[in-house]
Amino acid sequence: MIKQGFYKVLYNFQLAPKIFRMVLEGDTSALLAPGQFVNIKLDGKFLRRPISVSDYDEKTITLIYKVVGEGTEQMSKMEAGTVLDLLTGLGNGFNPEKSGQKPLLIGGGVGIPPLYNLCKELIKTGKKPTVILGFNTKSEIFYEDAFKALGAEVVVTTVDGSYGVKGFVTNAMEREYDYFFTCGPMPMFRAIEEVAKTSGQYSFEERMGCGFGACMGCSCKTKYGNKRICKDGPVLYREEIVW
């Protein structure tokens, strides 16, 4: 169920270099699963900007985004009280019921935010998730403490070894787990696919045009034909993806 509505910015502040956290107030009834996203209309921009939902409750939506172009730069300068036009309830999110008792959550960079609400939901149901957060260097780290506050075991990796485990997220995957959930860039996915021991769910980061399946601009090849990341995803099951 996709809904369009107006949302007021409550907070918008920087977490790390180029990483911002925005909290919006408004109707959240269309959000039904962790891993869904919203599409934001910005003044002067033809296409809306898709941003994954990091968390939500009855009245607020939390977005964590990276400044990568003019649209997200525009967002980073918004002050409390700004009103935004959003499409909510977009995409199919993670299915937590597949998790088993000890799931592994693997996030790379801006792929980390949608795992937060997933982690919270898993812990609510008595699961014991381990979260692996991958960054290039120590200065980029964000949300380590937020995941720990939920009660999850957290492992941080940095490519340059400046904090935590040196290397990539795959360097921290040698452990026992029942299932995995991951979100991040495609090179990370390909590396995970080489070493993963169980079934899992991949949440894809793709450039999207419309955000609801009309333009076919974000297709992914699966065993069941091409699937649109914005509508059929962004979450796809390991077993169906054709790499």
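The values are calculated or read from the model by the stated rules, or taken from the named source; none is laboratory data. Computed from a prediction, not measured in an experiment: that's the story for all the values here. Reconstructed Cβ throughout: ideal geometry from the backbone, glycine too, with neighbour counts over all protein chains shown.
Can you spot a residue in segment 118-130 that is β-branched (V, I, T) and either under 16 Å from I51 (Cα atoms) or assigned to a loop (DSSP other than H, G, I, E, B) (or both)?
Of all residues in segment 118-130, those β-branched (V, I, T) come to 123, 125, 130.
Filter again for either under 16 Å from I51 (Cα atoms) or assigned to a loop (DSSP other than H, G, I, E, B) (or both), leaving 125.
Yes, because at least one residue in segment 118-130 is β-branched (V, I, T) and either under 16 Å from I51 (Cα atoms) or assigned to a loop (DSSP other than H, G, I, E, B) (or both).
Within segment 198-214, take every residue that is at pLDDT 55 or above and in contact with a Leu (Cβ under 9 Å, 6 or more places away or on another chain) and give me the one that is surrounded by the fewest Cβ atoms within 10 Å (Cβ to Cβ).
In this case the residue turns out to be T198.
Please find, among A80, A16, A33, the residue that is among the small types (G, A, S), under 25 Å from D145 (Cα atoms) and in contact with a strand residue (DSSP E or B) (Cβ under 6 Å, 6 or more places away or on another chain). Please lay out each step first, then the result.
On the way: A16 fails: in contact with a strand residue (DSSP E or B) (Cβ under 6 Å, 6 or more places away or on another chain); A33 fails: in contact with a strand residue (DSSP E or B) (Cβ under 6 Å, 6 or more places away or on another chain).
Exactly one residue qualifies, and that residue is A80.
Do the conditions hold for R228, that is, is it surrounded by fewer than 16 Cβ atoms within 10 Å (Cβ to Cβ) and at pLDDT below 95?
Numbers: surrounded by fewer than 16 Cβ atoms within 10 Å (Cβ to Cβ): no; at pLDDT below 95: yes.
It is false that R228 is surrounded by fewer than 16 Cβ atoms within 10 Å (Cβ to Cβ) and at pLDDT below 95.
Give me the strands (runs of 3 or more DSSP E) completely within segment 17-94, filtered to those with at least 3 residues that are over 12 Å from P113 (Cβ atoms) and aliphatic (A, V, I, L, M), ordered by residue number.
On the way: elements: 19-25, 37-41, 49-56, 60-66, 83-90.
Fully inside segment 17-94 and qualifying: 83-90.
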